[in-house]
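In what follows, a structure is listed as structure tokens, so that the remarks can point back to it.
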Amino acid sequence: MWLLEELEKLKCSKQPAIIHRENSITFEELWNRSELIAEYIEKNCKSDSPILIYGNKETDIVSVMIASLKTGRAYSPVDITYPIERLYKIASITKCEIVFNFSNFSINGNFKVIDQNQIDAICSKEGYESSKNNWVKKDDICYILFTSGSTGEPKGVKISRKNIENFVSWFKDDCKLSESKQVVINQVSYSFDVSDIPLYIYLPMGKTLFNIDKAMLDNTKELFYYLQKSDLSVWISTPAFLEICSFDDKFNSKMLPSLEKFILAGEVLTKKLVRNIKSKFENSVVINGYGPTEGTVLLASCEISEEMMKSEKSLPIGKLLPGAKYEITKEDGTLAKSTEPGELVVVSESISSGYYKNKEQTDKAFFKTEDGKVGYKTGDLVFEENGLLYYVARKDFQIKLNGFRIELDDIASNLNKIPFISSSIVMPVYKEERVGYTLAFVTLSEKTEEPNLKTCIRIKNELRKLIPSYMIPRKIKILDMFPLNTNGKIDRKRLMEEI
Ligand code: AMP
């Protein structure tokens with residue numbers, strides 16, 4: 001089931017492909033608009049550099065993505081939660097020729113900027129038929145997702161058509177809905193690959209994507225107004241977003257009578273949340289999906305059963321996808337015995353070929369097997385019991401906060417770019433099993449008479465120019481110096497005792 005081929009079969013359908021607020025676009029319109037945008041890209045791009053998309057959940061973002069794939073080029077979506085500097089950084093890494101700008105910000109650079117009005121003008125012309133010879137082929141890159149990198153530089157994960165097809169051919173069975181069910185939530189930002197589930201699985205099935213945008217997330221009243229109108233059949237999000245919605249009493253099967261499946265991915269799923277959801281949506285199915293971006297959306301999944309809920313253990317992340325080979329390795333390099341935790345290392349057709357133009361980081365995390373397959377060291381500690389994998393913790397300083405993947409050192413590197421900061425350390429503060437917020441400890445390069453509160457506000461304002469808002473630490477503590485442990489390293493344990 002490949003997106004372009006399936007959408008071609010639907011190219012005359014008048015069914016809505018995407019609904020966003022009061023607007024919608026049919027499968028026919030989506031196809032025709034993507035053809036004309038593809039023609040524009042072909043005429044205006046000399047190189048095969050990726051197409052950058054800056055926006056949120058605007059309907060035509062999908063037209064641009066499909067258009068890029070039709071020209072054989074990768075797209076790279078950058079969500080508006082990222083500051084414009086991040087976009088410029090990615091533009092300079094990718095040497096892109098075109099940025100499709102759906103935001104209200106004005107963007108300038110060594111590239112063409114196309115806004116919604118220009119897209120409408122491009123799409124108002126006579127029809128065009130793209131040449132199938134140009135469509136992305138098996139080993140071509142379809143998209144590049146830039147994730148948080150520990151050096152403070154974004155790392156671009158390259159995902160090929162082969163990677164996506166391997167993921168889709170496995171996970172589509174978990175996505176099955178009852179015959180009459182039609183509407184699928186499309187909430188996850190396109191900068192996060194869980195959005196591939198609506199895009200690469202449900203859209204080609206002919207289902208309608210129901211977009212939830214950032215403004216709705218910032219305004220619960222508006223969010224619930226649209227949810228109420230949606231008639232959703234399947235929910236796809238991080239556990240954190242579902243939890244926020246579930247706090248509201250209105251969020252139940254009366255409001256969403258067709259909702260029969262919850263696909264939750266990207267961070268730890270707790271029993272408390274599953275229990276709550278099952279009480280609000282009695283016969284619903286809950287799926288826990290696990291995977292890093294480098295493994296194309298998900299590498300493992302499982303449907304949460306009664307038995308799992310009753311067990312003493314935390315919820316499993318399930319079994320790896322078919323064809324995947326894996327090892328659980330301990331710190332000394334030996335294989336973990338059953339139920340012993342170790343790092344999950346996976347070899348699969350779903351594994352990316354590496355980071356875009358970043359050999360150093362690629363060599364650190366990826367490897368090739370003797371028979372030429374690609375493997376990835378996930379950095380996740382897991383254990384296996386009775387054929388199921390259980391997530392334990394991260395090996396490094398990468399965390400998940402409200403579903404966003406964050407390298408704590410990425411925040412620290414950006415803090416250190418602020419001229420009046422001498423050094424910094426960022427730590428996660430846990431709330432039950434998940435990270436509740438982040439806390440930064442900083443030392444200043446100059447003594448100041450300014451009250452700490454004022455300095456903290458200044459730090460946050462400076463940081464906002466460098467990193468997305470979800471990465472800004474909730475609390476900042478200014479210290480005269482860091483406590484050190486016996487090895488002379490900063491004593492993180494003692495730092496946490498400070499709060
Ligand atoms: P990302 O690349 O943003 O998808 O983040 C991948 C990381 O999120 C993984 O390496 C895990 O640390 C974490 N993660 C993803 N799914 C789960 C899950 N179901 N349970 C626990 N952690 C998860």
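Looking only at segment 464-472, decide whether some residue is surrounded by fewer than 14 Cβ atoms within 10 Å (Cβ to Cβ), without any contact (Cβ under 8 Å) to a residue 40 or more places away in the chain and either more than 27 Å from the chain's Cα centre (by Cα) or outside any helix (DSSP H, G or I) (or both). Within segment 464-472, not a single residue is surrounded by fewer than 14 Cβ atoms within 10 Å (Cβ to Cβ), without any contact (Cβ under 8 Å) to a residue 40 or more places away in the chain and either more than 27 Å from the chain's Cα centre (by Cα) or outside any helix (DSSP H, G or I) (or both). Residues in segment 346-378 that are closer than 12 Å to Lys325 by Cβ and touching an Asp or Glu at 6+ places or on another chain (Cβ under 7 Å) were compared, and the one that is surrounded by the fewest Cβ atoms within 10 Å (Cβ to Cβ) is Tyr376. Looking only at segment 380-392, decide whether some residue is within 9 Å of the ligand (Cβ to nearest atom), at pLDDT 90 or above, out of contact with any helix residue (DSSP H, G or I) (no Cβ under 8 Å at 6 or more places or on another chain) and of a type in the set (D, E, K, R). There is at least one residue in segment 380-392 that is within 9 Å of the ligand (Cβ to nearest atom), at pLDDT 90 or above, out of contact with any helix residue (DSSP H, G or I) (no Cβ under 8 Å at 6 or more places or on another chain) and of a type in the set (D, E, K, R). Can you tell me which residues in segment 178-194 are within 22 Å of Lys11 (Cα to Cα) and either free of Cβ contacts under 8 Å to residues at least 40 places away in the same chain or assigned to a helix (DSSP H, G or I) (or both)? Hits for segment 178-194 are Glu179, Ser180. Val234 passes every criterion in (1) farther than 21 Å from Gly323 by Cα; (2) surrounded by fewer than 23 Cβ atoms within 10 Å (Cβ to Cβ) apart from (2). Criterion applied to Val429, Val435 was being within 16 Å of the ligand (Cβ to nearest atom) and either among the polar types (S, T, N, Q) or assigned to a strand (DSSP E or B) (or both), and the one residue passing it is Val435. Among residues that are touching a residue at least 12 places away in the same chain (Cβ under 8 Å), closer than 22 Å to Val285 by Cβ and away from the ligand (no atom under 16 Å from the Cβ), Ser237 is not included. Selection over segment 95-135 of residues that are of a type in the set (A, V, I, L, M, F, W, C) and within 22 Å of the chain's Cα centre (by Cα) gives a count of 4. Of all the criteria given as (1) farther than 28 Å from Val157 by Cα; (2) at pLDDT below 95, the one not satisfied by Gly266 is (1).
Within the option set Leu344, Leu298, Leu320, Leu259, being touching a strand residue (DSSP E or B) at 6+ places or on another chain (Cβ under 7 Å) and more than 14 Å from the ligand (Cβ to nearest atom) holds for one residue only, Leu259. Taking residues in segment 288-302 that are in contact (Cβ under 8 Å) with a residue 40 or more places away in the chain and among the acidic types (Asp, Glu), and partners anywhere that are assigned to a loop (DSSP other than H, G, I, E, B) and more than 6 Å from the ligand (Cβ to nearest atom), the pairs with Cβ atoms closer than 7 Å and at least 6 places apart or on different chains are Glu294/Ile351; Glu294/Ser352.
The values are calculated or read from the model by the stated rules, or taken from the named source; none is laboratory data. On a predicted model such as this, the values are computed, not experimentally measured, just so you know. Quick reminder, even Gly has a Cβ in these numbers, built from the backbone with ideal geometry, and neighbours come from all protein chains shown.
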